[in-house]
1. Given (1) modelled with pLDDT under 95; (2) touching a helix residue (DSSP H, G or I) at 6+ places or on another chain (Cβ under 8 Å), identify the lone condition not met by residue 249.
2. Which of (1) surrounded by fewer than 17 Cβ atoms within 10 Å (Cβ to Cβ); (2) under 20 Å from residue 426 (Cβ atoms) is the odd one out, the single condition residue 313 does not satisfy?
3. Could you tell me which numbered condition residue 74 fails, if it satisfies all but one of (1) more than 30 Å from residue 362 (Cα to Cα); (2) touching a strand residue (DSSP E or B) at 6+ places or on another chain (Cβ under 7 Å); (3) at pLDDT below 85?
4. Is it fair to say residue 361 is at pLDDT below 95 and either crowded, with 20+ Cβ neighbours inside 10 Å or in a helix (DSSP H, G or I) (or both)?
5. From 401, 295, grab the single residue that is surrounded by 21 or more Cβ atoms within 10 Å (Cβ to Cβ), in the same structural domain as residue 261 (by TED's automatic domain parsing) and not in a strand (DSSP E or B).
6. Among 265, 352, which is outside any loop (DSSP other than H, G, I, E, B), in the same structural domain as residue 432 (by TED's automatic domain parsing), at pLDDT 95 or above and out of contact with any strand residue (DSSP E or B) (no Cβ under 8 Å at 6 or more places or on another chain)?
7. Which of (1) under 19 Å from residue 288 (Cβ atoms); (2) surrounded by fewer than 17 Cβ atoms within 10 Å (Cβ to Cβ) is the odd one out, the single condition residue 343 does not satisfy?
8. Could you tell me which of the residues 86, 29, 50 is surrounded by fewer than 16 Cβ atoms within 10 Å (Cβ to Cβ), modelled with pLDDT of 80 or more, farther than 29 Å from residue 171 by Cβ and not assigned by TED's automatic domain parsing to the domain that holds residue 164?
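The values are calculated or read from the model by the stated rules, or taken from the named source; none is laboratory data. This one's a predicted model, so the numbers in the text were calculated from it and none came from an experiment. Note: ideal-geometry Cβ built from the backbone for every residue, glycine included; neighbour counts use all protein chains shown.
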């Protein structure tokens, strides 16, 4: 059985950063075979079945894409079948894949893995195609940007380099902002980074870090403190999710001029409906959460105000005629954002089921890249924990994100008396380049109306 790279989204030529098996190893279903690292995530490719590894087709540093053969696996059932037949057993292994010399060559396989070899060939057209294995998503180690790099972005000193060149520079500890590009329109190439390092090692002149004047931020360098001199300390590495999300959050917070607008929605009747529906569906095991109603209401509001379902692309605003809603999921390793696709085509019960499944996969680290891509709008709810309001960070290239805090009973005046009402706090952060205060406030007010009287969603 040939094990191939499954669907990994839009990624191509992804480098192999770990090989977990070697010829002769026994593996169980879901055991990791190799680890891949893209610009956005690190993913393990697990074995779809138990068996014995006959051949490893890739090595460290190889670049693979969907369909690339990585391991030849002899399923456990086939490996155990020849056991009762004592005499034919020595002749059985050569037949399926290898020549008679396959067994003596097994000890040589580890050296073959370490020896430089050309890129992996295209997968064979024959042989059974294994079922698509589940991919465990873990973020790759990414260096946090320095204050100088962030200020350079703000002041227009932006380095033109591809993601692979930027990663190459990070691995060498090179500040990409100091490298002069020789490519078209000043684009930085791998050779430029290598030449920069050679100049630094040989004592050549290294361009100074950019300086900033005028109305710029002029941030001081990050403080270097020996915390141990003040008392006992314990150093723990950041989780891999935080390592990759940290730089993205820093970029979004600095680069997007976001403003947060607060609103309150009366969800007294909606919560009563939710409780009633859950009682009626108790035997089916379907649990409807407030998130399902929020997603459905947000889709209706996004259709009325399509600017919030857009993305800024240079001087153009890209209006999206699809509604994929991301929602923040709390996991033991950090925050991840699964994406509910085509939310406009699904009912509240279907949304509740699908979000529950996505949240479970997120907690287990089994989300695929495609399940975290394509969001047009994001909801971040902390209501299950607490809080009264917060300012969520817009997730580029989206232009808005809705923060939801804990609902609380409050006295509301109805022109005659105060009545206890369940009030849900809403916090909308929006890119002010696209969404001004009036538009954001109208969106918030309309969303609050939908949640107060959910029948409006049908209009």
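1. The one condition residue 249 does not meet is (2).
2. Only one criterion is unmet by residue 313, namely (2).
3. Of (1) more than 30 Å from residue 362 (Cα to Cα); (2) touching a strand residue (DSSP E or B) at 6+ places or on another chain (Cβ under 7 Å); (3) at pLDDT below 85, only one is false for residue 74: (3).
4. Yes: the conditions hold for residue 361.
5. Answer to the selection: 295.
6. Step by step, each of 265, 352 is checked, and only 352 is outside any loop (DSSP other than H, G, I, E, B), in the same structural domain as residue 432 (by TED's automatic domain parsing), at pLDDT 95 or above and out of contact with any strand residue (DSSP E or B) (no Cβ under 8 Å at 6 or more places or on another chain).
7. (2)
8. 29
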